[in-house]
Amino acid sequence: MSVPVDGAAGPDRLRRHDSLYGDAEKVSNDKHHGTGGSWVRTLQLAFQSIGVVYGDVGTSPLYVYSSAFPGGIKHQDDLVGVLSLILYTLILIPMIKYVFIVLYANDNGDGGTFALYSLISRHAKIRMIPNEQTEDANVSNYSIEAPNSQLRRAQWVKQKLESSKGAKIALFTITILGTSMVMGDGTLTPAISAQVVWISVAILFVLFSVQRFGTDKVGYTFAPVISVWFVLIAGIGVYNLAVHEITILRAFNPKYIVDYFRRNGKEAWVSLGGVVLCITGTEAMFADLGHFNIRAIQLSFTCVLFPSVALCYMGQAAYLRKFPQDVSDTFYKSIPGPLFWPVFVVAIMAAIIASQAMLSGAFAILSKALSLGCFPRVEVVHTSNKYEGQVYIPEVNFLIGAASVGVTLAFQTTTNIGNAYGICVVTVFSITTHLMTVVMLLIWKVRLPFIAAFYAAFGIAEFLYLSSILSKFAEGGYLPFCFSLVLMALMAAWHYVAVRRYWYELDRAVPAAETTALVSRRDVRRVPGIGLLYSELVQGVPPVFPRLVDKIPSVHAVFVFMSIKNLPIPRVAPAERFIFRRIGESAHRLFRCVARYGYTDQIEGTKEFAAFLVDRLKLFVHEEAAFFAGDGEEEVAVRREREAAAEEEKRFIDAEAERGVVYLMGEANVTAAAGSSVMKRIVVNHVYTFLRKNLRQGHKALSVPKDQLLKVGITYEI
């Protein structure tokens, strides 16, 4: 809690900020989301993760071989080469990269592209909204250490990122691109997994309807189905290996990959677009981390997912050695006769459930995007009291559900949609690799040879896969680009105007002397109660305040300039929620307050928030009196006088709280300034205005009751 009296505000104030960011060690996880916690709980989470995280990658055997051999199998040994590619792709990217490296780059237990971005933004000032405060670094979850003179490389990277506007824009752009592609994954998964279209649509309807119950219940519901699926495909794989050709296991020798490329050249390169489908949904392990923990993901992947799908792929390859003509429908043709219908039913259920992985990831990532000012306000519902990262977004659920049904009905087959799906998958992989490289340089401070090896190994592999998939851009690959461009445009437009609006208010922030002069005017009455004027501005008094006083020449007896601020961390402890500053003399009863939340925190209800605010305001008044007191004889007298005044002020605050709390909000109509470019006028006057008017308004997001709300209209020309 801050004690100093507030002074003039504006851009100079930003330049006086202390250096908030230094180098930090590798981020450790808390007991809920990291590697800690009891084994019983970890096993429970591991079981749940099977139903939520692995449905996508676990159902890839339905279509990988048909996608890798669209023109049929031309040489028997090509099967061994493709199987070798599949096995080493599974080992290289999901297992080594994600399970044993990327998961540790979580942001206090939360994963995904925005978690990486927020993690980087705590160590370097890359965010374009200048609302950092010195006190933010003191929050317990911030995980920032003082600079170390030996870590010159990290300091150099930090300086370059902070001084380069291009670097800031590039990091933000690839982050929202990754988010768009994850949502594309969630939309395309049902379409590529569809077997019987109308049955799939019916199951999709049920799937999206149950999301409101939360990942905890959905995970326990879906996990048995996916677990049965893994047992079945592993068993069928073992059967096919034993019955058809056990020698297919020589595919573990990577020389068959080299032979495959020598024999087929360009065709082998093109087939990579089908092979990469074996790892669809891998990003869900990271994006859904906030729903589970690292150890649970590692356990379920290494003990359940990998053995099951590897056996399935090997069994399919063994079957195709004898029946290469069945490559277009390998999975179902390779099922032993008596098991066909049970497996068919489970396959349809598992394929549709597969979209749960990226759907949960989309909810988690977008909840972070909201807190960073990168997405319009939508309702975020926290669905679990036990696991803070489990969230549900009704509007997003509806949009993805509608898009999934539309794509399923439009494509109906996996051939063209596979091309689109692969682009989403590999683009997210590549974005994660680039953001991880920045994390290693800036935060983990790993040795350069390891960073170079990481970037080269995964960067080259992902480039090869992406180049192969892009060759089929016109055959369905355009779909995710169109989807992502629309979503990126909306996110970029919202963020652009939010940044410009913040700077507009900051440049016109009202100095403390002018604020106290306004409330001291003879025509301004002090009315009973506590007034809270909400503003995005965390420094100084917003420019809407003079307009309020001019239109309604009255100010509440206790007046608080209130800002809701989201920190780039998952959680802020309630004891660290508020920062208070006094404006002017104590007789004015004017305060600045910043309420800080993490991106998984939920804003309290109106009554709870008001009561908590009043308690913390009284505590601030008490600490302020103690802060200015000394220990000498004269100081003791001063201290007693200040403490008496503080007690009187606390009683005054209680009395005004009993008379009621009124919420005031600036209703800003943002327009493009005269002389702006055509593009700027479109973005500000049309796109931003449309989003602001048609999505959840600020008072609803803050749960402010209408009967206690007063809106003040104002126009900003940015």
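Assorted remarks:
- For the stretch 551-622, a simple Cβ point-charge model (Lys and Arg +1, Asp and Glu -1, everything else neutral) yields a dipole of about 200 debye relative to the Cα centre.
- When the listed pairs LYS97/LYS168; LYS266/LYS472; LYS368/LYS445; LYS368/LYS472 are checked against a 21 Å cut-off, the alpha-carbon distance exceeds it for LYS97/LYS168; LYS368/LYS445; LYS368/LYS472.
- Membrane-span-like helices of the chain, defined as complete DSSP H segments with a Cα extent of 20 Å or more along the helix axis and a mean Kyte hydropathy of at least 0.0, are identified as 76-90, 165-193, 215-243, 306-322, 355-371, 394-411, 414-439, 448-470, 478-507, 606-627.
- The alpha-carbon of LYS711 sits under 18 angstrom from the alpha-carbons of these lysines, leaving out residues fewer than 8 places away in its chain: LYS551, LYS693, LYS700.
- Difference of contour (0.36 nm per residue) and Cα-Cα distance, VAL381 to VAL243: 44.6 nm
- Per residue accessible area in Å² of the chain, where ligands, DNA and RNA are left out and the probe is 1.4 Å: 39
- Shape metrics for the stretch 509-717, restricted to C-alpha atoms - Rg then Dmax, Å: 19.2, 69
- Global form of the stretch 244-346, assessed from the alpha-carbon gyration tensor, a/c cut-off 1.5: oblate
- Placing +1 on the Cβ of every Lys and Arg and -1 on the Cβ of every Asp and Glu, with nothing else charged, gives the chain a dipole about its Cα centre of roughly 1220 debye.
- For volume of the Cα convex hull per residue in Å³, the value calculated from this model appears in [x] 169; [y] 202; [z] 259 under label [x].
- If you take all other residues with their beta carbon under 12 Å from the beta carbon of THR179, and give Lys and Arg +1 and Asp and Glu -1, the sum is -1.
- Cβ crowding within 10 Å averaged over residues, with 223-231, 654-662 ranked highest first: 223-231, 654-662
- Basic side chains Lys and Arg get +1 at the Cβ, acidic Asp and Glu get -1 at the Cβ, and with that the dipole of the stretch 509-717 about its Cα centre reaches some 1280 debye.
- Of VAL621, LEU532, GLY675, farthest towards positive along the dipole that unit charges on Lys, Arg, Asp, Glu beta carbons give the stretch 509-717: GLY675
- Antiparallel %, DSSP beta bridges [both residues in the stretch 509-717], to 5: 20
- Helical contribution to [θ] at 222 nm, DSSP H n ≥ 4, -39,500 (n - 2.57), averaged over the chain, rounded to 500: -17500 deg cm²/dmol
- Per atom type, the chain shows carbon and sulfur on 60% of its accessible surface, probed at 1.4 Å.
- Set of lysines near LYS618 by C-alpha distance (under 16 Å), chain-local residues within fewer than 8 positions excluded: LYS650
- Alpha-carbon centroid distance for the pair the stretch 582-622 / the stretch 442-478, whole angstrom: 47
- Qualifying aspartates and glutamates (Cα of each under 19 Å from Cα of LYS125; at least 8 residues distant if same chain): ASP12, ASP18, ASP23, GLU25, ASP107, GLU135, ASP136, GLU145, GLU162, GLU536
The values are calculated or read from the model by the stated rules, or taken from the named source; none is laboratory data. Quantities reported herein were computed from a predicted structural model and do not represent experimental measurements. Virtual Cβ from ideal backbone geometry, glycine too; neighbours counted across all protein chains shown. Heavy atoms of the whole protein, side chains included, go into the accessibility calculation; ligands, DNA and RNA do not. Shrake-Rupley method; radii C 1.70, N 1.55, O 1.52, S 1.80 Å.
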